[in-house]
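Taking it in order: structure first as structure tokens, then the write-up.
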Amino acid sequence: MSEQHEQRKVILSGMQPSGQPHIGHFSGALKNWVQLQHEFDSLFCIVDLHAITVRQEPAKLRKATLDFAAMYIACGIDPEKSTLFVQSHVPQHAELAWVLNCMTGMGECSRMTQFKDKSAQHSENVNVGLFTYPILMASDILIYNADLVPVGADQKQHLELTRNLAERFNHHYSPTFTVPEPYISDVGGKIMSLQEPTKKMSKSDPNEKATIFLRDGDAEIRNKIKRAVTDSGTRIVMDEAGSPGIANLMTLYHLTTGMSFAEIEASFASTSGYAPFKEAVADAVATFVAPIRERFLEIRNNEEELKNILKRGAEHARDRARKTLRKVYKKTGFVEL
Ligand code: TRP
């Protein structure tokens, strides 16, 4: 990589390959990553090691990992600009996680709200991996000395732990890790369920009508939007508390047309009823998703090329990760041969 590349600040982020990528992934993360990759030395991974903290079917996990990789690219992540890779292809993440495990208190992990939520959700499988999940996430970040980590607000606590671990290691041994800053990117970009607009849109919603998947066809998208739950009002105004369904459709319209909320309100001020607005949102979202879906299918259907991209990404990531891990092992007191 060039000199200039070395000097830019490093960002790293990742997503779990579970379920199917949907428009919330785009709005909350991918859209920002695509912008950031022009400015930063960027690493984007698919965190399959994290995914197995809940039960996964092997064939589905394998497929979802490739689907997410293809979707990153279809949404605009350029593998020539960014390092795009799969977490399990870079074993140093898990190796660093072990060292950090030995520097993390039980109490620190048990305070994590995501652990508490997930262990309640998956009470039949509260495994140790779920407990130490944030330590592996810290390793993902620290092994590349990332300066900035674009994440949703729900990950802020994990970032705080990451910062603490970096400082702890630096203090206990000697300066080694960059202490990363969170870059909270989902402000104004949160897409809610089309069926229960007070809940976040989710890949695992049992009601398929609640979620716009990035590979949904035109007709499917239009149908889902027309059937989106709204209230019995008639006005198109941004009122998240009073009219969450319309607010969510406005967010989707904003995302897919670039219009501000004020512009949207103004342009629908004289229409009566929600139907014409839903029609417009359906058109906008279908038009927006179509080229992403087409690129996705093209990339996904050439698995050999996709795997080559991931191979190159993994090689680059491993070169960098190896250097950090070597320092860590040395400082820890492991014998070098
Ligand atoms: N825990 C993150 C999430 O659920 C995913 C993740 C894993 C991640 N490792 C990361 C995000 C490193 C940013 C950086 O969203």
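The values are calculated or read from the model by the stated rules, or taken from the named source; none is laboratory data. In this text the structure is predicted, and so the values were computed from the model without any measurement. Virtual Cβ from ideal backbone geometry, glycine too; neighbours counted across all protein chains shown. Surface accessibility is based on the protein's heavy atoms, side chains included, excluding ligands, DNA and RNA. Shrake-Rupley method; radii C 1.70, N 1.55, O 1.52, S 1.80 Å.
Numbers for the structure displayed
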item: Residue check for Pro206: assigned to a loop (DSSP other than H, G, I, E, B) and not polar (S, T, N, Q); result: yes
item: Identity of the residue in the range 298-337, in contact with a Ser or Thr (Cβ under 9 Å, 6 or more places away or on another chain) and open to solvent by 100 Å² or more (accessible area, probe 1.4 Å), that ends up nearest to Leu66 (Cα to Cα); result: Arg312
item: So Gly258, is it within 15 Å of Ser27 (Cα to Cα) and modelled with pLDDT under 95; result: yes
item: Single unsatisfied condition, Thr198 versus (1) among the hydroxyl-bearing types (Ser, Thr, Tyr); (2) within 14 Å of the ligand (Cβ to nearest atom); (3) part of a loop (DSSP other than H, G, I, E, B); result: (2)
item: Any hit, the range 63-76, residues being touching a Pro at 6+ places or on another chain (Cβ under 9 Å), open to solvent by less than 20 Å² (accessible area, probe 1.4 Å) and not in a helix (DSSP H, G or I); result: yes
item: Check on Leu194, buried (at least 22 other Cβ atoms within 10 Å of the Cβ) and touching a residue at least 40 places away in the same chain (Cβ under 8 Å); result: yes
item: Residue within the range 134-148 that is more than 21 Å from Phe44 (Cβ to Cβ) and at pLDDT 95 or above present; result: no
item: Flag for Ala314 being small (Gly, Ala, Ser), within 30 Å of Asn101 (Cα to Cα) and assigned to a helix (DSSP H, G or I); result: yes
item: So Val187, is it at pLDDT below 95 and either hydroxyl-bearing (Ser, Thr, Tyr) or open to solvent by less than 30 Å² (accessible area, probe 1.4 Å) (or both); result: no
item: Lone qualifier among Thr287, Thr271 - being over 23 Å from Ser232 (Cβ atoms) and assigned by TED's automatic domain parsing to the domain that holds Glu240; result: Thr287
item: Residue identified as assigned to a loop (DSSP other than H, G, I, E, B) and either away from the ligand (no atom under 13 Å from the Cβ) or open to solvent by less than 60 Å² (accessible area, probe 1.4 Å) (or both) among Pro182, Pro175; result: Pro175
